[in-house]
Structure formats: C-alpha cells, structure tokens
Amino acid sequence: MSGVTRAAAACALPGTPLAAVSAGIDACVHCGFCLQACPTYLTLEDENDSPRGRIVLMRALVEGTLPPTDADVRTHIDRCLGCRACETACPSGVPYGQLLEGTRATLARVSPNPWIARFILFVFARRPLLWLAMMGGRVTRALRVSALLSRIPGRVGFAMAMLEATRSPVQRADYIASSDGTRGSVALLTGCVMEGLFADTNRATARTLEANGYRTQPAPGQRCCGALHAHAGDLDTARVLARANVAAFERAGAELVAVNASGCGAMMKEYGELLADDPEWHERAKQVASRVRDVTELLAAAGPQPGAPLPLAVAYDAPCHLLHAQRLSEPPLRVLGAVTGLELLPLEGSEHCCGSAGIYNLIEPETSARVLDVKLENIARSGASIVATGNPGCLMQIGAGLLRTGSRARVAHPVDLLDASYSRAALP
Amino acid sequence: MSALRSRLAAIVGDDRILTRTGELRSYEADGLPGYQKRPSLAVFPGTRDETVAVVRVLADTGTPYVARGAGTGLSGGALADDVVLLGLHRLKRIISIDRDNARAVVEPGVVNSRLTAETRRFGLHYAPDPSSQTACTIGGNVAENAGGPHCLKYGVTLNHVLALTVILPDGTVVTLGSPNGEQEGYDLLGAFIGSEGCFGVVLDATVRLTRDPAAIRTLLADFSSVDAAAQAVSAIIASGIVAAALEMMDANTIQAVEASIYAAGYPTDAAAILLIELDGPAAGLEDDVARVIQFCRSAGARDVRVASDPADRARLWQGRKKAFGAMGRISPHLVVQDAVVPRTKLPAVLATIQRIATEHRVNVCNVFHAGDGNLHPNIGYNADDPDEAARVHVAMTEMMQACIDAGGSITGEHGIGLDKLQYMDRLFTAPTLEAMCALRAVFDPDRRSNPGKVIPIHSCSEWRAAPSVRAAAVR
C-alpha cells in the first residue's frame, strides 16, 4: 500500500482512435482544477460529468477495467459539451478535446450514435441535402412559420426559435468597401449554417475585411469543415471533408483563410492533427491550417478602423471554440471596441458554454437547457440589449433562449455590429 | 446494501446515489491518485436537511462512511474503502455575508476561491489560500486544517473559523465555537478543525473574512542555487519582517510551470526562485521591500523584481498555485510529500533531499512554503515501471525520515489520511496515539466516520470494543 505502485497494463483497445491519443491521459494528475471550469459538472454535480471524471473513465477503457459497452461510460462521455473550458484551466496541458473525440469515435464503433445525430451528420456531409435543408430553413423563416412556432414547448419549438434567432437585429445598408489589399489576400470559409442562415454575416465579414485592407477572394469547392463529425466521433467523415477543404483552399491560393464561425475555425486550425496519420495529406493540412484565422483576429490586427456611432448596450459571450480551443479572448473585444458609442457591459460567466455545443442541444436537450438557463440569467442581469458572440451554434442557442423566455435582448455576430457601424459611416 | 440504498434514495432521490462500478470509478481517488479505493456506494445530498437525514440513516444502520468535498486532498483522506462515500459538493450555498462584522456563513461544499470572489466587492477576502483554492471546498479545508502561501502571516484555517455546525456520527447536530469570537469551556472547535473527517460532518461554517491590505508588493527573486535561496529565506525571517507569503520553487518546477498555460515569466535558467509578498499599510512598506531586496542580493540573487501591476502579480501567483498540476507534464505519475522542518534547517534538509533523489535516481521537484519551512518534494515517475516505483517509494520514505530527524513533522497541511499513516509511529509515542484515539472516541466512539485514517488502527487499544467497525475497517 505504498501509493506509488500499480500493475502495468497493456492497452485494452489496441488500434482504436482512443488508443491513438491515449498518451494524453497520462498528463492528468487528478488535481481537480478543471472541475469549476466545467459547465456539466457545475450543472449536474456529479464528478462523472467532469473532465477529471471522464478522463478516469477513458483511462479505465484503455486499461480494460471497464468495457466500451459500459452504459455509464457512454452516458457520461455523451453528456460532455466538448467546450474544452477544461483545457484553459489545466496546468498539465491535457489535450482533452483530442481525448474526447478519440473516445467518442471508439464508442461509436461499439454502439452507434442516436439516429438524430447520424441524420444531421449525414446531411452536413452531402452538399445537395445541406442545400435543401438550409433552403427549407430560409423558407420557414421568410414565411414567419418559425416566428409563429418559436414559443411552443418541446424540441420543435426550440428548433423554430433557433431558426428565428438567425434574423439579424441590426439594420444596415449595403456599402462598397474599398481595399488597397495591403494586408494580404483572404479566402473566406463560407460554411454551412453561416452561408445557409447567416448570409448577411458572411457579406459583412467580406466587407469589414475589405474596409480594413484585406483583399477577399472566393474559394470554390469548399465543404463543411467536419467539426460536427469530429466532435461526434465520426472521424472518418471529418477527414474526407478536411481533405476537400485543404484542396479547395490550396487552389484558392490566398495568403490567409478567414473563418467567422469559431467552431469551424478551431477545426480547421487542427486539420494537421486530424490528418496526422495520412502521409499524403498531413503536410498539406498543416500548411493550410497555419493560414487559418478567426475573422476577429484579422480585424484586430488591422485595428480595426473605427466606424460611425452605434449606441447599443452589448454583452460579449465568448464562444468556447474561440476562447478555449483557439485561445482567443482579445480580438473580438477589439472589434466591438471599434464600434463607437457601443457600451460593452460585463457578462458574468461569459467564459462558460451556452449549451449549444454543435448538435449537443438536439441530442442532450435536458442538460443543454439547464446549461442555457444559467447563461440566460446572467444575460438578464447584465442589462444588455445585444449579446455578441461569434459562432452560429451559440447565436442560435442563446437567441432561441432569449426568444422563448420573452427577453427583448437579441444576438449578433461582432462582425455584424462593426459592419452596421461602417454602414452608417458610409451613409451620405 | 440494497435496503440501505432504498432508505438513502428516499432522502436524496434515486439519481443521487451511485452503486455501479462504472459510475463509482471517478470517486476512487482524490488528488493523490496513487491510492485508489472503491466506495460501496456514493450518496450526494443536496441540502442540509438531506445531509442530516442521510447521516442519521447511516447511524441507525451502523454504517461507516467517508465525507468528501471536491476530492483535491493530497493524502488519500477522502477515500472510502468499501464503505459509503458521502459527497458534500452539492452543498454550495453561501448562506450569508456579514460585511460589517467581516464574517460569512457557508455550506461545506462552497469552493474556497468563490468565497473570496463573492466578498471582494466589500474589500474583504477569505485568507487561507491553499494552492487548490479554485477547486477545493471549505468543508475539506476544515477537515484538513488547510494552509496556503498566505498562512505565513494570516494563519491557517483554524484561525479563520469562528463556529461550525456539525453533525456527529451518531446523528446529533451540535454547534462548536461561537460566531462572536471566544467560547467558554473546552475548545471543541479547535479539536474538530483538522480532524480529517473522523469527528463528524460540517453542515455550515462561520468564517472570518479579512480586510484587503492597503498595499501589496510581490517580489520575484532569482537565484543560481537552491542553497542561496534558502539562505535568503533565513535572513528575511531572522530580520523580523513578516512576509505575507514566502514561496520557493526549484528549476524543475519552474520549467513545468513555464511550459503550461499558467506561464508566469519565471526565469527558466534559475536554480531556484523566491516569490515574496509583503503587505500592509502603505507607510513603511517600501522600506521593507528595500530590505528584502537587500537580503536576497546579499544571499546571491541574480535579480529581484517587483510585480509592476495587479495583473503581473496575479500572473506570478497563478504560476505558483498551479505548479502541482503542471507537474503532469514531466511524467505520467506523481507523488507529493508534505513535511515541515525548522526554517534554520531548510538548506541542510533540501540538500539531503537532493542527495536521496540522486542516490535513488528519482526526479524531485521542490515547490513549497519556505517561510514556514513547509516542504513539498514532488516526485514524478512512471508507475508502470515497477523498478522506478520501488525506488520512488524508498526515496520518499527516506525523505520523510530526514525531515523527522531534522526535528520536523510529517505534514504541514495535507493531513495524514492514508498516505502518512505509516509515519505516525515514528513521530508519536504510543501514549500520545492512545490519547488521540481517546479524543476521537468522544466524537465517534464507533469509529464509523472516515475509518482507517489518521491513526494506525493497532495504536488504539479500545478499537476492539467495536467489533462491527473493526470488521469494516479490516475489510
């Protein structure tokens, strides 16, 4: 009973995605510093729903002391938001996001994901189906069906509120931004939901980049970034999509790749890791990944240029994949700071996940709703009329929560606010 | 067990009781995962009333149990070996903050740093600041009489708890101490604090809040030898200056921290650094700062710098406080020791520890509260290598013996728990251990609360009087 010995054990799951990343488990010293950073631990109050607890379960899988068929293992791994807030709390640098994806991919081999998850991932991996789905969403929104049904209880009502939340709360006129291109050429990841439901934000992204000295150019042939698939453990599909995007952005030839959805940006920055075992693509993936920037990084590097006054009371909520995965906290604040007259209000818990987490809110609606409730209470206390956040999932989740609780606050991408500010400046 | 389970489920709800192997796994270890013990069942009450009802059912059925907060302890103290694990982390309400009298009443599951966060707006803080303060709970702090860097000047948990409402193992609820200060009669509060969960369970704690100092200066001194840093510590202590904190980190620790997200800008080529904090009224503070800088330079410091602003100061402290966690970068497994030696013996004991480490070919990192002579040698190793694990075990034992030989003790703040049981016989005589057993019998005559911890079981002659508990302890 020395406390220092343990039986040596070989990996019980050789050749699995978890085995490939399992060295990361050893970095965990069980200090518990991640507990208070974890939204599901704070909400569900069970250490199995904490990073430290889940790492214990992963270790048990690797050591073979729990089988991958164990229902409790599956439950607690499924309940993880994947927000990676534990990574920015971990002194030891445990690569939690990688461990989670490896574990999910391993568990999915034993028992498949729920049908709704598989359906969504199936659609996102196929361009015609995705186009149809987004078109359906736009029609529903234009006919105001989403507005009508956004308050009915249950999942359908929540989905309608999510759709309704994609309407931009800021009015702006189109304007021509002239660029000298001195800051270099940029290709934009137009994305799935962003181009499908937030097309205005994509146009705003291009305009604000141009206004700040970047020359934007298209990157045809690009596809879904694969983040949803990777997070759900469908690493094979994620790799197919990643290769397509690597090729598309190589062809585009721009110096930089701008992404305005932080979940997609985080994924693209990790293409090198995703394709690490693919000799043909690894170097190319790393090269493209090194050119990827969040749109706010590019704008902040340029200042950005201040715009005309836009007197709004705004609270900033950090998307997890921007703050914790990409470790970017300042750039979005710089973007908001360039909007003159904008009052930035402090938001308690802005570093915590809103419960959106990709498709988590559709798969684990109960936990997602409990996590969202905390966020909504903090937003109400902040007194903000606009919640700014740079990821479509967060915009839709928080926006839906605000609509369904009768709040008058609305959501907007930081770039939309800067764009509105520029648009006013361009008015005669 | 299933009868007990249903009685407990009637109190806390079915989903707040864990019995399956998979879901108990996360509760098999605390912050020292070298020890793993499986609870027979885990129960998580959500309110004070539920906690009282649960403890009474445990009393009624004669069931042994172990209370657990956040599981950040470093002595295996909150491990339940085939007995009930009573998780108190859901009791996380700050019941009241009395700004004028500078005190607060909190439930046991309140996280230490949250109390300071909630009282900061009043210019107050909760002074005991264990390095795990962003995770550990007040209830656990009371059980372990937790310390922390700033306890050098401000005192440990014992000095900051005014009163406790506790439920004794037999289900009686009693108040120890008084929120108004001194109590009359025996100091039962003092006996309870640091009893490592063996005397009962805290239901609420009335704690003292401390006014924020008017001025704070944080210094980072950089040395090219551990010995020089130790000499500087001795000089500062001898001068009579009472630093708010006086911490040392060696080269291995510095490198682990600087590789982490808590990188604080420590010099990575230093053999040792001292983190020194001075606080108090602004008048006279700069004089003390100048004298401390002089002591460091005389001892051979290469450089001494003063934190430029609160953000810089916070960064310097984050690096220190997250150092233990950062050691996971060095090797897959980690043991940490906790011993106190007279401060005048620091240079000699540190040299001995290094000699032992070299002799047994183990990698030791020192990060510790130099101001109170509270050492924390950390040894990183690979537990899957039986030869290395054996060498670590021998080296650890020799290091502890060296501390005892230097007139020190075997724990400064982590507690005895399971990890230090083996050293109790070396430090205390049989009659002293008997006296401790007798004290415990006042609170927990059946030895049901945290069985098998703190006092080696063979030291208690009367333990034979409770056969049911003996059976549980042996099992």
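Shown for the stretch A:1-151 is the translational diffusion coefficient from the Stokes-Einstein equation, using the Kirkwood radius over Cα pairs, a temperature of 20 °C and a viscosity of 1.002 mPa s: 121 µm²/s.
Of all the C-alpha pairs in the stretch B:331-427, what % are more than 17 Å from each other?
Cα-Cα pairs in the stretch B:331-427 separated by more than 17 Å: 46 percent.
3J(HN,Hα) along the stretch A:287-299: 5, 5, 4, 5, 9, 7, 9, 5, 4, 6, 4, 5, 5 Hz, from the Karplus curve 6.51 cos²θ - 1.76 cosθ + 1.60 with θ = phi - 60°, whole Hz, x for Gly and Pro. Taking the three principal axes of the alpha carbon atoms in chain B, the coordinate ranges are 67, 58, 43 Å, sorted in descending order. Bridges between two residues of the protein assembly as shown, per DSSP, are antiparallel at a rate of about 70%.
Restricting the calculation to Cα atoms, the stretch A:158-287 yields a radius of gyration followed by a Dmax of 16.0, 48 Å.
What separates the Cα centres of the stretch A:387-428 and the stretch B:316-387 is a distance of 51 Å. Taking only the Cα atoms of chain A, the ratio Rg/Rh comes out at 0.97, with Rh defined as the Kirkwood radius. Rounded to whole numbers, the Karplus 3J(HN,Hα) couplings from phi for the stretch B:314-320 are 4, 5, 4, 6, 4, x, 5 Hz, using 6.51 cos²θ - 1.76 cosθ + 1.60 with θ = phi - 60°, and x at Gly and Pro.
Judged by the ratio a/c of the largest to the smallest principal axis of the C-alpha gyration tensor, the stretch A:239-299 counts as prolate, that ratio being 1.5 or greater while a/b is larger than b/c. Note on the stretch B:255-351: Cα Rg divided by 2.2 N^0.38 Å, N the number of residues, gives 1.25. Applying both filters, DSSP loop and at most 10 other Cβ atoms within 10 Å, to the chymotrypsin sites (Phe, Trp or Tyr not before Pro) of the stretch B:152-196 gives B:Tyr186.
For the stretch B:231-248, backbone phi angles converted through the Karplus equation (6.51, -1.76, 1.60; θ = phi - 60°) give residue-by-residue couplings of 5, 5, 4, 4, 5, 5, 4, 5, 6, x, 5, 9, 6, 5, 7, 8, 10, 10 Hz, Gly and Pro being listed as x. Post the alpha-carbon centroid distance, the stretch B:180-238 to the stretch A:270-290, in whole angstrom. When both Cα centres are located, 51 Å separates them. At q = 0.06, 0.07 Å⁻¹, what base-10 log of I(q)/I(0) does the Debye formula yield for the protein assembly as shown when every alpha carbon is treated as an equal point scatterer in vacuo? At q = 0.06, 0.07 Å⁻¹ the computed log10 ratios are -0.44, -0.61. Note down the Stokes-Einstein diffusion coefficient of the stretch B:2-87 in µm²/s, whole number, using a Kirkwood radius over alpha carbon pairs, 4 °C, and 1.567 mPa s. Once the numbers are plugged in, D ends up at 101 µm²/s. Over the Cα atoms of the stretch A:171-248, the radius of gyration divided by the Kirkwood radius equals 1.07; this is the Rg/Rh ratio. I'd like the orientation of helix A:235-252 relative to chain A: the angle between its Cα long axis and the longest Cα principal axis, in ° from 0 to 90, rounded to 10. Result, in degrees: 40. Multiplying each eigenvalue of the alpha-carbon gyration tensor of the stretch A:256-357 by 5 and taking the square root yields semi-axes of 31, 17, 8 Å, largest first, rounded to whole angstroms.
Which of the GluC sites (Glu not before Pro) across the stretch B:146-224 are loop residues per DSSP, with 11 or fewer other Cβ within 10 Å?
Counting only loop positions with at most 11 other Cβ atoms within 10 Å, the GluC sites (Glu not before Pro) in the stretch B:146-224 are B:Glu182, B:Glu184.
Within a Cβ distance under 12 Å of A:Arg203, other residues only, what is the Lys/Arg minus Asp/Glu net charge? Taking every other residue near A:Arg203 into account, the sum is -4. A simple count of charges around B:Glu258, restricted to other residues whose Cβ falls under 14 Å of its Cβ and scoring Lys, Arg +1 and Asp, Glu -1, yields +1.
In whole angstrom, how far apart do the alpha carbon centroids of the stretch B:15-60 and the stretch A:91-148 sit? Result: 36 Å between the Cα centres.
Are any of the pairs B:Lys92/B:Lys153; B:Lys37/B:Lys92; A:Lys269/B:Lys92; B:Lys92/B:Lys322 more than 32 Å apart by Cα-Cα distance, and if so, which? List each step's numbers first, then the result.
On the way: B:Lys92/B:Lys153 28 Å; B:Lys37/B:Lys92 26 Å; A:Lys269/B:Lys92 39 Å; B:Lys92/B:Lys322 23 Å.
Those over the limit are A:Lys269/B:Lys92.
Computed over the alpha-carbon pairs of the stretch B:94-211, the distance histogram in 10 Å steps reads 15, 50, 30, 4, 0 percent, short to long. Over the Cα atoms of the stretch A:306-426, the radius of gyration divided by the Kirkwood radius equals 0.97; this is the Rg/Rh ratio.
A DSSP coil position with no more than 13 other Cβ atoms inside 10 Å describes the following trypsin sites (Lys or Arg not before Pro) in the stretch B:333-429: B:Arg361. Local charge for B:Ala323 was computed over the other residues whose Cβ lies under 12 Å away, with Lys and Arg +1 and Asp and Glu -1, and equals +1.
Taking the 0 to 90 degree range and rounding to the nearest ten, how far is the long axis of helix B:48-60 tilted relative to the main principal axis of chain B, both from C-alpha atoms? That works out to roughly 60 degrees. Axis of helix A:115-124 versus longest Cα principal axis of chain A: the two differ by about 50°, to the nearest ten degrees.
Proximity of backbone amide H atoms, modeled 1.01 Å from N, is registered between B:Arg103 and B:Asp98, B:Leu209 at under 5 Å, excluding neighbours fewer than 5 places apart on the same chain.
Coordinate-derived values only; no laboratory data. Only a predicted model underlies this, so the values are computations on that prediction, with no experimental measurement involved. Backbone-built Cβ (ideal geometry, glycine too); neighbour counts: all protein chains shown.
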